[in-house]
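Working notes, structure below.
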Amino acid sequence: MHDVLIAGGGIAGLSAALILGRCRRDVVVYDSGKPRNFVSKALHGFISRDGINPIELRDLARKELANYPSVRYVEGEIVDAQEIEDGYEVELSNGAFDRGKFLLIATGVVDVLPEVPGLERFYGHNVFHCPYCDGWEMRDQPLAVYGAGETGYEYALELIGWSKDVILCTDGGEPLSAEQTAHLGKHGIAVITEKIMEMRGEEGKEIRLMYRERPPLSRKALFFNPAQYQASPLAEKLGCHVTGGGVVEAGKFQQTKARLFVAGDAARSVQLAIVAASEGVEAAFALNTALQKEATEK
Ligand SMILES: Cc1cc2nc3c(=O)[nH]c(=O)nc-3n(C[C@H](O)[C@H](O)[C@H](O)COP(=O)(O)OP(=O)(O)OC[C@H]3O[C@@H](n4cnc5c(N)ncnc54)[C@H](O)[C@@H]3O)c2cc1C
């Protein structure tokens, strides 16, 4: 029986593994190798690593883990898990099983892209979901915000912190009130309500939104606010509460049950890599304390 099994070797899982390795805990990290930001070329806002290639960051983290002999990183997907006496048992896609006294779920989320034909090819180049991640690089550029109703309205106002040239495209979705449209107008934001037929353009350079009735809209980039769902069903299967926004509600130190923790994007609304790393550390801290208590109370 290992001390801790970690489902997910992204930033959150690797960060937890590093701390637990330094605490000499017996840890196995299982990772299926599909991080949320697989389309991203540069990760921003991670102090001392601003602009690093996300794959490079994970490679660096994995290399660091190699210094800690009690930590193992295994490529593989956990397809099922169940609570057992004093821990959890997980099943891998290759049919193998493993057991740990504690389970940390750090499996991340999946974003749902807007259903605009042609959009997917621009994702990570000049279609983005997070201005904190990619807004700086698009500062002062002509931007489109994709969104409808209250969400689109709020998002368009948020984007003017990065550029004064913002157009809200509601794609035939929930209409804005007259007051909202007028308020956006006061801030120089025009609204196009017509349905978008297709996205064309050049990756990283220009996007062109094609309409049936009106001429194409050329912009440098488009920002949208994605719906998302858990990348793995493990947390829900084990009885964690997943909110309407698709994230797990975790308590102090990312704990959800006595022996179950959830960290990183899977568990949080501030979905930045450094926050995922920090949540991994918080969970590791509590896990080590719990392990130490169990070992010394007998
Ligand atoms: C396009 C894009 C750009 C971004 N840019 C930035 C940025 O510039 N700055 C920033 O701070 N943040 C950025 N983010 C957010 C950042 O990527 C996330 O906050 C971060 O990846 C969260 O780390 P995580 O470990 O929680 O999840 P992830 O990085 O998604 O890692 C989860 C890991 O778990 C694995 N996994 C899933 N299910 C299983 C399973 N059942 N068994 C085993 N393994 C499993 C996955 O394969 C994956 O490797 C961006 C996100 C996107 C989508």
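Observations on the structure shown:
- Any chance residue 210 is over 30 Å from residue 275 (Cβ atoms) and either at pLDDT 95 or above or not hydrophobic (A, V, I, L, M, F, W, C) (or both): yes
- Residues located in the stretch 128-160, provided they are of a type in the set (Asp, Glu), on the phi < 0 side of the Ramachandran plot and free of Cβ contacts under 8 Å to residues at least 60 places away in the same chain: 150, 154, 158
- Pair list, Cβ under 6 Å, 6 or more apart: the stretch 34-47 residue under 20 Å from residue 203 (Cβ atoms), other residue outside any loop (DSSP other than H, G, I, E, B) and small (Gly, Ala, Ser): 43/273
- One residue stands out in the stretch 252-272 among those that are within 14 Å of the ligand (Cβ to nearest atom) and in a loop (DSSP other than H, G, I, E, B): the one that is surrounded by the fewest Cβ atoms within 10 Å (Cβ to Cβ), namely 269.
- The one condition from (1) surrounded by 13 or more Cβ atoms within 10 Å (Cβ to Cβ); (2) in a loop (DSSP other than H, G, I, E, B); (3) more than 15 Å from the chain's Cα centre (by Cα); (4) within 14 Å of the ligand (Cβ to nearest atom) that residue 57 does not meet is (2).
Residue-by-condition table, conditions (1) at pLDDT 95 or above; (2) in contact with a His (Cβ under 7 Å, 6 or more places away or on another chain); (3) within 16 Å of the ligand (Cβ to nearest atom):
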position: 121; (1), (2), (3): yes, no, yes
position: 144; (1), (2), (3): yes, no, no
position: 198; (1), (2), (3): yes, no, no
position: 222; (1), (2), (3): yes, no, yes
position: 225; (1), (2), (3): no, yes, yes
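- The strands (runs of 3 or more DSSP E) found wholly in the stretch 205-251 include none carrying at least 3 residues that are in contact with a Cys (Cβ under 7 Å, 6 or more places away or on another chain), in contact (Cβ under 8 Å) with a residue 60 or more places away in the chain and not assigned by TED's automatic domain parsing to the domain that holds residue 286.
- Filter result (assigned to a loop (DSSP other than H, G, I, E, B) and in contact (Cβ under 8 Å) with a residue 60 or more places away in the chain) within the stretch 21-31: 23, 25
- Screening the candidates 39, 79 for the property of being within 8 Å of the ligand (Cβ to nearest atom), assigned to a strand (DSSP E or B) and surrounded by fewer than 19 Cβ atoms within 10 Å (Cβ to Cβ) yields one hit, 79.
- Residues (touching a strand residue (DSSP E or B) at 6+ places or on another chain (Cβ under 8 Å) and assigned to a loop (DSSP other than H, G, I, E, B)) located in the stretch 194-204: 194, 195
- Each residue in the stretch 9-36 was checked for being in contact with a helix residue (DSSP H, G or I) (Cβ under 9 Å, 6 or more places away or on another chain) and near the ligand (Cβ under 7 Å from one of its atoms), and 9 of them qualify.
The values are calculated or read from the model by the stated rules, or taken from the named source; none is laboratory data. Because the structure is predicted, anything quoted here is derived from the model rather than measured. Cβ: placed from backbone, ideal geometry, glycine included. Neighbour counts: every protein chain shown.
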